[in-house]
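Following: one structure in structure tokens, then a few remarks.
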Amino acid sequence: MTWFSILYRVGVYKILWILFLLGFTLFLQQHDALKPWNNQLYDVGLKMFSRPSNQDIVIVAIDAPSLKKIGNWPWSRRTHAELIERLTAAKVRAIGLNLVFDKANPKDPQGDKKLIHAIRNSGRVILPVFPETLSPKKMLQALLPWPELVTAAAGLGHVDVEMDSDGVVRSTCLQAGVKGLYWPSFALALLSINEPNKHRYLKGVHPNRIEDCPCWQRDFRIEIPFANPTQHFKQVSYADVLTNAKIRTQLHGKIVIVGTTASGLTQLFKTPLHQNSKLISGSEIIAYTLDVLLNNLSIQALAKSWALLLTLFLVAIPVTLYTLVWPNRSLSISLSFGVVTLVVSAGLLKLLHFWYAPIPVLVTLMASHILWSWYRLDFFTRLLFSERQFAKAALHSIADAIITTSCKGFIEYMNPAAEQLTGYSSKSAQGLHLDTVLTFAQQDYDASNDLESFTHNLTDGQEFNTIMPRFLVNHLGEEYAIQIKGTPIKNHNHIIGMVFTLSDLTKTLQISSKIAHMATHDPLTGLPNRILLQENIANAILSANRNGHYFAILFIDLDGFKKINDGLGHTVGDFLLKEVAIRLRTDMRQLDTAARWGGDEFVVLVNHLPSEETIAPIASKILQRLSPPYFLAGQTLYVTPSIGISIFPKDGLTTEILLTHADAAMYRVKEEGRNNFSFYSNGLNESAKKRLIMEKEMYVALEAGHFEVFYQPQVNLKTNKIIGAEALLRWNHPQKGLIRPGKFITLAEETGLINPISTWLLNTVCAQLHIWQQTDLPSITVAINLSPRQFMQNDLYQRINQALINHQVQTGSLKVEITENLMIKDIERVTQTLLDIKALGVSIAIDDFGTGYSSLSTLKNFPIDQLKIDKSFIEQLNLDENANSLIQTIIALGHNMHMDVVAEGIETLEQLNCLKAWNCDVMQGYYFSRPLPVAAMTALLHRENMPPDEQSISA
């Protein structure tokens, strides 16, 4: 038998299927795409390494009692010299001085000499090398002790603590360095003091592995199997070691690590077994690394070649078995090899201290089983109409629940999976209607209606597939999340029955729910996110109701953050948010919560207050802490906080109301000058609240792209051709629909938002003009309205010029409209700005002419090209003789000053005929067209460009 005949019999598609799954698994394994899940599984596996604390390791802690006895940090180096001398006299095995001594102290040279003398005489002191961020690119470089200390020390060790993307410390590097220099880890250096072969723990790693690179390099990574968090290393207070000889006697032969543990002096870290309130210091991480090295417990990632071979073995065998040998046992085979994968991974971890990531294999086995099951289901469904008895036997092996019914919905057959799912046996369910067997939970109140509708669709020959899972309560009271697919069975185009497939999604939904609940902290700042914050507020409400105390919500917004984020980039903005988070955490009580609400907004929950009066000093302290400038790579950044405060129970009884009231109070601070705090009061009435909400929504609309430009055509009254359009701003609100400018422009003017909105409008119009000019459409001029507030900006001319250049808009295609009232404010400045704009080829029009206070002497000094008669005059046309006279006067005035005249608000033929008779130039109003979105305006221009005969055909 040839290979060709074998492939023909087996089916080339099955071979390709197996190869695809193998390639998919290797891709996941190599690219570490599922690392978060692998990390979670690894963290669970670490519980197998539970062990008692190592009695040979002692941490001399610079803790709160030591600070109280010796004094505020930093201490004199004479004190550290005295500690080293006493530890040396106690004959400790090694001393790890995990403190920064990067330069000599010019104010106390004798203290430096004593420290050097103590370290040299001891001969057992290891000093740290810290990786330090020094460059704008955040490259890590080495921070060394000053040279005399390096010479005196028994050795140096790096204290580089590296965290995974989820902020958890799982590993360390036994060797690291920069620019050709390298150092062992701090723990390894401590062990190497009395070792003849100081690199024996590196297991064959050589110094030349680290390249001569200007950035920090790490080598030989090991995973640290952290022990049970209830087993702590022995810690003694720094002050007690200095003063208590009995304690020093107990340190004989121990490895001593001297480091800070007091709040505010050291950074705390998360490990797989130390989370939230059980965070540990850097000195404890060194102690764990020491313990691992002493007991030879270090974990290493399985070599890539072995990992690939093992992955191929664990995937190829089950896929080949159920694809080529037992196609009806994909579930049992996949589950069996899934268990084997977990056992192999756990065995390698526990017995050989090698970590093999099993998730890619598990995902492939699960996905292949699902895909294979769906493939087989489709295959057997196609054969139902001709081989019904054979189909029943095949359906018996399908892992999903299968129910076949008559065309009227009465059950004829259920496979074992369906029996387990519904609680009925196939025999007892025969003859029952589908509605009787499938009963849905109360939350799926509409599921029965859905079932009736899709059974009706099946009788019409249409397939059905539920998108959202349904919650089935079976005959035994068990609840399952299922997905239902219905397929009609046809015989010569007649519906003879129906097949229903019920996929059990219960475990999948449980896994998804678990993952969703893990996301409780902001990935950038490390602060709790709004989910955890709201949970803590809810708990605070319960506690306050039970114990009768108060708590406060402080809603914080950073003034000026947007300018820094937009002007200096998101990298600087992210740095600033991290620094704000650090300042917020400073001196924060454990029972309080500082959370990032989103963007540049933070919320602080101050819990368990004895009275309302205690919140003001706390808010003032936070204000002072956040207000000083921030420094980044030579740049000084200035942001200040605006803080709104609501107090429980005075300002609200629910989480939502308290947050809303604190937010409202914060916006009042912004209105009154910023950089302050304010308490919520009932004086913030409904209109003020709506105003604050609209202002906030405008910020969101500008960033989310909810603004839209409509165009109202302008028609030449002599030729009846479109010669221009006015660009009109609309706010497409997600909930309220289209909002006209009259409802939000005034607020935008007051808040200053009109400037970024107008800049967006200018660029949007110029971009659209460029698109129209690239097509064979009539050449038109588009007018945009300029706000008086824009003339307060010195760069208005440059903004318009840059927009024309960026979008390659032809000269003369843009027009700006100003109001008469602008001409009575700072005339010289406005005149010069208009002359600069005019020099760009941009024409200028006066909008709503006749309603302002401009004089003719002022008007003649401005470079005006066009007058627009206000629509209030047009509305009175032929109803008021004075209005008729005024309109004719404005037209004559405009023509005498060599200006075009536009009439706004034309709605009737009578108005049109009068304006034609009075020689008005341009018409704009509902009579011709309402404001149109860009697509409709483009279509109108295309129709305008057609020959008359084609226009009639198009119409």
Exercise. Could you list, in sequence order, the residues of segment 525-574 that are farther than 30 Å from P756 by Cα, touching a Ser or Thr at 6+ places or on another chain (Cβ under 8 Å), in contact (Cβ under 8 Å) with a residue 24 or more places away in the chain and of a type outside the set (F, W, Y)?
Worked result: P528, L532, L533, Q534, N536, I537, A538, I541, H549, A552, I553
For this session: Pick out the one residue from I780, I771, I800 that is farther than 23 Å from R691 by Cα and touching a strand residue (DSSP E or B) at 6+ places or on another chain (Cβ under 7 Å).
Result: I780
Exercise. Taking segment 598-649 only, how many residues are among the β-branched types (V, I, T), surrounded by 20 or more Cβ atoms within 10 Å (Cβ to Cβ) and over 18 Å from N675 (Cα atoms)?
Worked result: 2
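Regarding segment 37-58, can at least one residue be identified that is farther than 27 Å from N295 by Cα and not small (G, A, S)?
yes
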Exercise. Do we have K696 as under 30 Å from D566 (Cβ atoms), without any contact (Cβ under 8 Å) to a residue 60 or more places away in the chain and not assigned by TED's automatic domain parsing to the domain that holds E749 here?
Worked result: yes
For this session: Considering only segment 262-271, state which residues are of a type in the set (S, T, Y) and either in contact with a Leu (Cβ under 9 Å, 6 or more places away or on another chain) or assigned to a strand (DSSP E or B) (or both).
Result: T271
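Residue check: is T851 modelled with pLDDT of 85 or more, at negative phi and polar (S, T, N, Q)?
Considered against the rule, which asks whether it is modelled with pLDDT of 85 or more, at negative phi and polar (S, T, N, Q), T851 comes out as no.
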Exercise. Counting just the residues of segment 784-798 that are out of contact with any Leu (no Cβ under 7 Å at 6 or more places or on another chain) and within 15 Å of L840 (Cβ to Cβ), which one comes out surrounded by the most Cβ atoms within 10 Å (Cβ to Cβ)?
Worked result: L786
Exercise. What's the number of the condition I757 fails, among (1) under 25 Å from G598 (Cβ atoms); (2) β-branched (V, I, T); (3) over 28 Å from the mean Cα position of the chain (by Cα)?
Worked result: (3)
Problem set entry | segment 583-622: number of residues that are of a type in the set (K, R) and either closer than 18 Å to G644 by Cβ or in the same structural domain as S263 (by TED's automatic domain parsing) (or both) | 2
Exercise. Across segment 336-361, what is the number of residues that are under 14 Å from L302 (Cα atoms) and either small (G, A, S) or not assigned by TED's automatic domain parsing to the domain that holds F27 (or both)?
Worked result: 4
Seminar exercise, completed: Of the candidates W760, W731, W772, the one satisfying the condition of being part of a strand (DSSP E or B) and among the aromatic types (F, W, Y) is W731
For this session: Answer yes or no as to whether V150 is surrounded by fewer than 18 Cβ atoms within 10 Å (Cβ to Cβ) and more than 34 Å from the chain's Cα centre (by Cα).
Result: yes
Seminar exercise, completed: By my count, strands (runs of 3 or more DSSP E) wholly in segment 87-170 with at least 2 residues that are hydrophobic (A, V, I, L, M, F, W, C) and without any contact (Cβ under 8 Å) to a residue 60 or more places away in the chain are 125-133
For this session: Please tell me if E726 is crowded, with 21+ Cβ neighbours inside 10 Å, among the charged types (D, E, K, R) and either assigned to a strand (DSSP E or B) or under 33 Å from the mean Cα position of the chain (by Cα) (or both).
Result: yes
Seminar exercise, completed: Residue hits (segment 15-41; of a type in the set (A, V, I, L, M, F, W, C), part of a helix (DSSP H, G or I) and farther than 14 Å from T320 by Cα) are F24, L26, F27, L28, W37, L41
Seminar exercise, completed: Across (1) modelled with pLDDT under 85; (2) surrounded by 21 or more Cβ atoms within 10 Å (Cβ to Cβ), S135 clears everything bar (2)
Exercise. Within segment 404-420, which residues are buried (at least 21 other Cβ atoms within 10 Å of the Cβ) and modelled with pLDDT under 80?
Worked result: A418
Seminar exercise, completed: How many residues of segment 247-266 are in contact (Cβ under 8 Å) with a residue 40 or more places away in the chain, polar (S, T, N, Q) and touching a helix residue (DSSP H, G or I) at 6+ places or on another chain (Cβ under 8 Å)? The answer is 3
For this session: Look through segment 242-270, keep the residues that are under 14 Å from N98 (Cβ atoms) and of a type in the set (S, T, Y), and return whichever of them is surrounded by the fewest Cβ atoms within 10 Å (Cβ to Cβ).
Result: T266
For this session: Tell me which of these K69 doesn't satisfy, since it passes every other one: (1) more than 22 Å from F130 (Cα to Cα); (2) buried (at least 18 other Cβ atoms within 10 Å of the Cβ).
Result: (2)
For this session: Say whether the condition of being modelled with pLDDT of 85 or more and either at positive phi or not assigned by TED's automatic domain parsing to the domain that holds V934 (or both) is met by at least one residue in segment 787-802.
Result: no
Problem set entry | Candidates E223, E211 - the one that is at pLDDT below 80, in the same structural domain as F130 (by TED's automatic domain parsing) and of a type in the set (D, E) | E211
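The values are calculated or read from the model by the stated rules, or taken from the named source; none is laboratory data. Since the model is a prediction, treat every value here as computed from it, not as a measurement. Here Cβ is always computed from backbone atoms with ideal geometry, including for glycine, and neighbour counts include all displayed protein chains.
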